[in-house]
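Inspection log for the structure reproduced underneath, given as structure tokens.
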Amino acid sequence: MKKHSPSLRDVAQIAGVSLGTASRALNNKSNVMPTTRAVVLKAAAQIGYKLQIRVPTTVASKISTIGVVIKRDPGELPRLDPFNYAVLCGIEDECERLGLSLMYASLPVNRFSHATTWSSLLENDDIDGLVIVGVVLRDPAVTSRIPQHIPVVLADACADGIDCDRVVTDNVHGACMAVSYLIAQGHCCIGLIGSSETEPEHPSISERRQGYLHALAHHDISKAYIEDSYLTGESAYAATLSLLKRSPNITAIFACNDDVAYNVIRALRDLGLRVPEDISVMGFDDKADTVDNPLPLTTMRVEKELMGALAVRQLYERAVNRDRPPITTIIGTKLVVRESVSKVVCRQGEPA
């Protein structure tokens, strides 16, 4: 089996530093402590990591260092979730392939992914292009700091008043596919957990709600079973209990992401219900953090690494096409069938 070459991520992990710090150290940037640089260089030498040698080109002369601002969810232990980490890995791999340096900073957001502050990376003169990942930017105090003199790409993100390239998931069609699959398995009464019509949620989640409703309408199912909730585990759990209490005839639930789906399963089991024998559960995202999950989840795969790679590619091309109109790249989803959905016979008298 062919052995893969060491990556920048490997160097960062061994050195115990962030991807941005490892990149700056290896590219001899000035804003790295000498001791940190020595640790990174030692780690690189230890695993045989080779620096990219850039070939002078028109594009390379315009863009050499990419900045990445990525959302950091709230909580007692703020974290970079697996979805956005996968996007970041795609960005890193594409930067390495193109011989570009990478600088990284996280941006705190609230439970609806809205930025609550700004990052100094937005004003860093060392970056030639910027990728913003997962963040909803509505506050003019933050959006006004986004640089206009360099290319900017939004990956699963949005920013009011900013005309720039975007890379997004086809959430509406993906959710419609997910619910249509449940209907094809005989489910007539399908619930929705993980979305809120009254809250300023992330556009991706609103689009998944739209897809759910489109699927029902397309299959002439008039009754929707929606329990508004947030994307947090506690909210999803409580919403599931509430939904089943008022609509015990439900045979399937579509969750707006995988984290919500696993908390739906937890609530169903606490109610004494079996998944999928009593109720089927469908997720969305296909996250990689499956260690503590109770059941292999049927879900819609989002190509997260590809999203990151395409964001870098759009920056790279935008560097020599600054006057080109903004382009939005829409990435499709793929159904992944596992064990959380089963067939059911629609009972007489239920909507179909």
- prompt: Whose amide H sits under 5 Å from the amide H of His114, counting only residues 5 or more places off or on another chain, with H placed in the peptide plane?
  reply: Val136
query: So what is the relative contact order of the chain, in percent, for Cα pairs below 8 Å that sit 6 or more residues apart?
result: 18 percent
- line: Largest-first semi-axes in Å of the equivalent ellipsoid built from the Cα gyration tensor of the stretch 171-301 are 19, 17, 15
field: Amide H contacts of Leu273 (H built 1.01 Å from N, under 5 Å, at least 5 apart or other chain)
entry: none
- prompt: Taking the Cα-to-Cβ direction at Leu306 and at Arg324 and moving 7 Å from each Cα, how far apart do the two end points lie in nm?
  reply: 1.9 nm
- request: Work out, step by step, the length gained on full extension between Arg111 and Glu199: first 0.36 nm times the residue separation, then minus their alpha carbon distance; give nm to one decimal.
  value: 30.6 nm
Distance (nanometres) between label positions extended 7 Å along Cα→Cβ at Lys334 and Ser120: 4.2 nm
message: In whole Hz and in residue order, list the ³J(HN,Hα) couplings for the stretch 194-204 that follow from phi through the Karplus curve 6.51 cos²θ - 1.76 cosθ + 1.60, θ = phi - 60°; x for Gly and Pro.
response: x, 9, 9, 6, 9, 9, x, 6, 4, x, 4
query: Rule-of-thumb check for the stretch 196-248: C-alpha Rg over 2.2 N^0.38 Å?
result: 1.22
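Since every read-out is calculated from the coordinates, none of them should be taken as a lab result. Bear in mind the structure is a predicted one, so any value in this text is a computation, not a measurement. For neighbour counting, all protein chains shown are included, and Cβ atoms are generated from backbone atoms with ideal geometry for every residue, glycine included.
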